[in-house]
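Computed from the coordinates by the stated procedures, all read-outs in this text should not be read as laboratory data. What you see is a predicted model; the values in this text were computed from it and never measured. Every residue, glycine as well, gets a Cβ built from its backbone with ideal geometry; the counts of neighbours run over all protein chains shown.
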């Protein structure tokens, strides 16, 4: 078996990603706190509770773990509902806590990346209609100005909105995120408002901090036609357009285009300094005239796919190469802002990480400009409507005791970060089943 190492570029960012509602705990001010209280909204009626107890200060020990494992960056989000709990009130203590977190990262020689909206907003915003009400564009811009003014001495990488495509689909089509609607027209309106909110935030941040790098994090999901039939190919292209293309194309061209209908949004054109790519898996797509709610398609994983523990993710590293190639059309540097797999036993995760990083290395070696990789996630957290049923962490968490237990993949990722690459030795040690693929 050949021996060797695939090295990444000098200065490559290695980190993990987290989101405030999933790790902080004890927040009764946002849309998810209300959603959890409604019976049947979360699998097994799970509650986030303390989550990972970051609001009480346990971020310190988790940042220590990240630093000790060689990570040089961390992506986290801040909570609008904590910073602006009421329309006429700002909580300076909350900003102080976030300032302390960012200083904590800097003191550990880790570069912070801050996400300004990660699937949640204050209850008072939701009561006004949330993202369906165009007034949110001004409200979000005001929140961004307040937050960035306070935190910009400690951060220069900003993600305005995380996965607007997932938010619009899950909250307004599938109905599994608050407010739980199933209205395609509302989903498209929400997505358009998010385009405009991002554009406003982009300009606000650059007025305050000209050297800032501002982008979004889009969830790229591969859609492969299930057969040679033209209907399957058309369905795959439709899903790709609506899910992957729609939002990011608007930021690139200033045009919000849904099929043949176009809306000029010139203020959004060119409002990306980098593109964050969240990649997990790919779907096969088959035309189905009986599923209008799913845009007339049946999406599935092939029968021989290697699936995650909850069968939520299919192991498809080639999809990450396709993702990067797709992202390159927008002409800005890219970062993998999320990539991971739910796996409480840590059986698939080592192979998943190694084979996806090898795919990423191949893309970079072909001169696609990817500057960093943020694994999802550092420690098990509350996975939205799936509660505690999915475990994505390099570290296992007992939410009752708050005890963390290192998984083997945490040690493997530490070796990767320190090496700035993946080697045959690491592969043989943690995922020997991947040797034939990575080092043939």
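Using a/c under 1.5 as the rounded threshold, could you call region 36-94 rounded, prolate or oblate? The axes a ≥ b ≥ c are square roots of the C-alpha gyration tensor eigenvalues, and prolate needs a/b larger than b/c, oblate otherwise. It is oblate, given that a/c is not under 1.5 and a/b is not larger than b/c. What the Kirkwood sum gives for region 343-440 is a hydrodynamic radius of 14.5 Å, with every pair of different alpha carbons counted. In percent, rounded to a whole number, the relative contact order of region 5-438 is 18, using alpha-carbon pairs under 8 Å and six or more apart. Note on residue 294 and residue 142: the model spin-label points, each 7 Å out from Cα along the C-beta direction, lie 4.2 nm apart.
Among DSSP beta bridges whose residues both lie in the chain, state the antiparallel percentage, nearest 5. Kindly include the intermediate steps, with their values, before the conclusion.
Numbers: 18 of 55 bridges.
So the antiparallel bridges in the chain amount to around 35 percent.
In angstrom, the C-alpha Rg and Dmax of region 45-128 are 14.4, 44. Its relative contact order, with pairs defined as Cα atoms under 8 Å and 6+ residues apart, puts region 162-269 at 22 percent. If you average the C-alpha positions of region 178-226 and of region 1-66 separately, how far apart do those two centres end up, in angstrom? Here the answer is 21 Å between Cα centres.
What fraction, in whole percent, of alpha-carbon pairs in region 277-336 exceed 12 Å separation?
Numbers: 1284 of 1770 pairs.
Taking all Cα-Cα pairs of region 277-336, the fraction more than 12 Å apart is 73 percent.
Sort 192-199, 331-338, 286-293, 214-221 by the packing proxy (mean of other Cβ within 10 Å over each peptide's residues), most packed first.
Values: 192-199: 23.9, 331-338: 22.0, 286-293: 13.0, 214-221: 25.6.
The densest-packed peptide leads the list: 214-221, 192-199, 331-338, 286-293.
The convex hull drawn around the Cα atoms of region 221-372, when projected onto a plane and averaged over every direction, covers 10.4 nm². Measuring max minus min along each principal axis, the C-alpha atoms of region 179-223 give extents of 40, 24, 15 Å (largest first).
Run the helix sum for the chain: -39,500 (n - 2.57) per DSSP H stretch of 4+ residues, divided by residue count, reported at 222 nm to the nearest 500 deg cm²/dmol. Don't jump to the answer; show the numbers that get you there.
Working: 16 runs with 163 residues, N = 440.
Roughly -11000 deg cm²/dmol at 222 nm, from the helical runs in the chain.
For region 260-323 versus region 347-384, the inter-centroid distance based on Cα atoms is 17 Å.
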